[in-house]
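Report on the structure given below.
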Amino acid sequence: MLRDGLEMKQRIYSLKKQTGVALFISLVMLLVLTIIGVSAVQTTSLEERMARNSRDRLMAFQAAESALRDAEAFLETITTTALFSDAGTGGLWTIAPFSTTARWMQPNIWTGAGSVVAANALQGVIAAPRFLIEHAATLVREENAYQLDDPYTGSSSDRIEVFRITARGVGGTQNARVLLQSTYGRILD
């Protein structure tokens, strides 16, 4: 009997000793799980913002590319460079002198008459893509004149007009903007 009483006291003492340890361990585990959950939510929201920004930039790039194609199609229709001036009528400019600000960097160039609204607008963009065209130079290849035409007719078939096209696209937000430039040359008839 004495032995049973002693075992009972030891059991009661060991139960008193373990009281609260399970609660502490479960609270620590709950804290760890909460930290993991909050971290997962933050990571997911960051990845979502990154994907949205990437989509907006891609939309802006596609809009600018569309404007470049519209400008190239327009250049295929012109027959003279007399339309190009320092005033930039209809988005057609002469090349800016070296000492001045480039045309595409001038204030209000993308909102006023200094640029042209592209015909092919994309769905979801906040603003229509725009372009401007600058007449950069006239190149004459005299070494080929005898191979192409009668040299005595004064033909200009070996004269290439060079243009610089600058296009601006805006994506789903005003902060997603892309500027693209291309150089385009063609023989005017």
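Right, Leu23: farther than 30 Å from Gly171 by Cα and at pLDDT 90 or above or not? So Leu23 does not fit the description; no. Residues in the stretch 114-134 that are assigned to a loop (DSSP other than H, G, I, E, B) and under 18 Å from the mean Cα position of the chain (by Cα): Ala118, Asn120, Ala121, Leu122, Gln123, Gly124, Val125, Ile126, Ala127, Ala128, Pro129. Trp93 fulfils the conditions (1) over 22 Å from Glu161 (Cβ atoms); (2) touching a residue at least 24 places away in the same chain (Cβ under 8 Å) except for a single criterion, (1). Residues of the stretch 69-82 include at least one that is in contact (Cβ under 8 Å) with a residue 24 or more places away in the chain, of a type outside the set (Val, Ile, Thr) and not in a helix (DSSP H, G or I).
Note on the stretch 100-126: among residues that are aliphatic (A, V, I, L, M) and in contact (Cβ under 8 Å) with a residue 24 or more places away in the chain, the one that is farthest from Arg57 (Cα to Cα) is Ala113.
The values are calculated or read from the model by the stated rules, or taken from the named source; none is laboratory data. Just so you know, these numbers come straight off a predicted model, no measurement behind them. Note: ideal-geometry Cβ built from the backbone for every residue, glycine included; neighbour counts use all protein chains shown.
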